[in-house]
Amino acid sequence: MADDAIFKKSVHFEWVIEHVDKYDDIQEHDFNNNLSDTLFKATLDAVLSGKEYHEGLSPRLALIRDYGSEAEGLINRAYAYAYKSDNGAFVMPAETDLGHKVPERFKIQLLRAQER
């Protein structure tokens, strides 16, 4: 029975700020589980302000959804990229690029991060 646990599939979410060059190639990543983490804040502020964080690189914010198990490893990875809404606030899409629903807690977390 103990071996069954390694086959149990789970979902894990993580925020990422990708630093992309003028060709839209990702040059650097910053990962975190929570947008309120102080080490993540400076980079997040750059995303929200639209400023370059590193010379020649533009930051973009995404939520990563990983699905897998200990035995099988990563089965799939989906991304949901934050975008600027008509009112100027960054919001999350309803679904990831693979069609998985973005949980409300992450949408709320992004809105709260912009209120600081």
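The values are calculated or read from the model by the stated rules, or taken from the named source; none is laboratory data. Every value quoted in this text rests on a predicted model; they were computed, and no experiment measured them. Because the Cβ atoms are built from the backbone with ideal geometry, glycine has one as well, and the counts that use them run over all protein chains shown.
Here are some notes:
- Output for the range 68-86, where each listed residue is touching a helix residue (DSSP H, G or I) at 6+ places or on another chain (Cβ under 7 Å) and free of Cβ contacts under 8 Å to residues at least 40 places away in the same chain: Ala82
- Flag for Asp45 being acidic (Asp, Glu), at pLDDT below 80, within 17 Å of Asn32 (Cβ to Cβ) and surrounded by 12 or more Cβ atoms within 10 Å (Cβ to Cβ): yes
- Test: residue in the range 6-29 that is surrounded by fewer than 11 Cβ atoms within 10 Å (Cβ to Cβ), hydrophobic (A, V, I, L, M, F, W, C) and at pLDDT below 95: yes
- Count of residues meeting criterion [at pLDDT below 90 and either within 18 Å of Glu115 (Cβ to Cβ) or in contact with a Cys (Cβ under 6 Å, 6 or more places away or on another chain) (or both)] in the range 65-84: 1
- Count of residues meeting criterion [aliphatic (A, V, I, L, M), under 12 Å from the mean Cα position of the chain (by Cα) and more than 18 Å from Pro59 (Cβ to Cβ)] in the range 74-116: 2
- From the list Arg77, Arg65, the one residue that fits, being basic (Lys, Arg), surrounded by 11 or more Cβ atoms within 10 Å (Cβ to Cβ) and touching a His at 6+ places or on another chain (Cβ under 8 Å), is Arg65.
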